[in-house]
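What follows is a set of notes on a single structure, which appears directly below.
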Amino acid sequence: MMELQILLATYNSSRFLREQLDSILAQDCRGFEVLIRDGGSSDDTLGIIGEYQRKYPETIRFLEQKPATALDNFSALLAASTAPLIMFSDHDDVWKPEKVRVSLEKNRKMEAEYGSETPIMVFTDSEVVDDDLNPVSPSMFRYQNINTHELTLNRLIVQNVPSGNTMLVNRALLDLALPVPSAAVMHDHWLTLVAATMGKFGFLDIPTVFYRQHGDNVYGAFQYTLPAFLRKLKLGREKIRTRFQQNIDQAVEFGIRYAGSLNKQDAEMLDALKTFRSRGFWGRRRILWKYGIRKSGVWRNIGMYLFQ
């Protein structure tokens, strides 16, 4: 059995897919399998996958094509995975040659320290680029002003820090986290909540991925500036509140599933969030304040307190 499987969800990916597959196949260590599932592409994505399957039959495995959201697609890939270690690949990134190796090395050190039965998540930084891989920022976290040390549950329920395209997770974490519920915002956010409460994080402060910032990203990278903040507000209060409520719904689902595994404070916080939607203006803010629920950066917290 392969030590590592890389899960790649595709959807109308023909524009960038070859570059991403080439970057995975050019890793400076091997011994992994790429599992691909398509969410209902109408372009040449399946043709490209077939081309790479024929060329690399021992490495590329296509599961199926079925209309699906990104969450459903990755959830199905996770359910089909069998390897002790899992990484996630977006269809439009480009991986740096050392990405797999450095993540595996970090995981081995952590498993040596904590044991392989400990749920572990390794994650790294990304380099932000445009469609043509021209540099935008050398660090996704600095670009977005995200603090990689804020990995407690009260922070993570409203702002995911690790990005799925930089993660490596072990089977102990997956055994606890699966299945990913339909109430999850995304697969990576759900796994992060599990790691925060029952596992260990390992952060590598290096970019291992070229993250393409373009109009088709499911969740894009927003630069942390006042003009960017004001542009985001133009999306409309209702859209911002809907996205925030998705985070709350995910947190409530998390609290129900893991009620017996949480410390007293986390259990109390998640129980209080069950009534968040029905509370009035000041009631919602009291919950946020009482449990220290906040994001990285002053402007994000101003937005959260103003619009939720």
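Tabulated data
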| item | result |
| --- | --- |
| Yes/no for Tyr143 being aromatic (Phe, Trp, Tyr), over 30 Å from Asn12 (Cα atoms) and either outside the structural domain of Leu288 (by TED's automatic domain parsing) or surrounded by 22 or more Cβ atoms within 10 Å (Cβ to Cβ) (or both) | no |
| Condition check for Lys96: surrounded by 15 or more Cβ atoms within 10 Å (Cβ to Cβ) and either in contact with a Pro (Cβ under 8 Å, 6 or more places away or on another chain) or in the same structural domain as Gly297 (by TED's automatic domain parsing) (or both) | yes |
| Lone qualifier among Ser116, Ser42, Ser103 - being in a helix (DSSP H, G or I), assigned by TED's automatic domain parsing to the domain that holds Tyr11 and of a type in the set (Ser, Thr, Tyr) | Ser103 |
| Scope region 290-299; condition buried (at least 16 other Cβ atoms within 10 Å of the Cβ) and either touching a Cys at 6+ places or on another chain (Cβ under 9 Å) or modelled with pLDDT of 85 or more (or both); matching residues | Tyr291, Ile293, Arg294, Lys295, Ser296, Gly297 |
| Answer residue from region 119-134, given it is closer than 16 Å to Phe203 by Cβ and β-branched (Val, Ile, Thr) and is farthest from the chain's Cα centre (by Cα) among those | Ile120 |
| Considering residues of region 135-162 that are outside any loop (DSSP other than H, G, I, E, B) and within 22 Å of Arg243 (Cβ to Cβ) only, the residue nearest to the chain's Cα centre (by Cα) | Leu156 |
| Residue in region 152-159 that is touching a Pro at 6+ places or on another chain (Cβ under 8 Å) and either within 29 Å of Arg294 (Cβ to Cβ) or assigned by TED's automatic domain parsing to the domain that holds Ile86 (or both) present | no |
| Answer from Gly260, Gly255 - the residue that is assigned by TED's automatic domain parsing to the domain that holds Arg241, within 17 Å of Thr192 (Cβ to Cβ) and of a type outside the set (Phe, Trp, Tyr) | Gly255 |
| Hits in region 57-77 (condition: surrounded by fewer than 14 Cβ atoms within 10 Å (Cβ to Cβ) and part of a loop (DSSP other than H, G, I, E, B)) | Pro57, Glu58, Lys66, Pro67 |
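The values are calculated or read from the model by the stated rules, or taken from the named source; none is laboratory data. Bear in mind the structure is a predicted one, so any value in this text is a computation, not a measurement. All Cβ positions, even for glycine, are placed from backbone atoms using ideal geometry, and neighbour counts span all protein chains on display.
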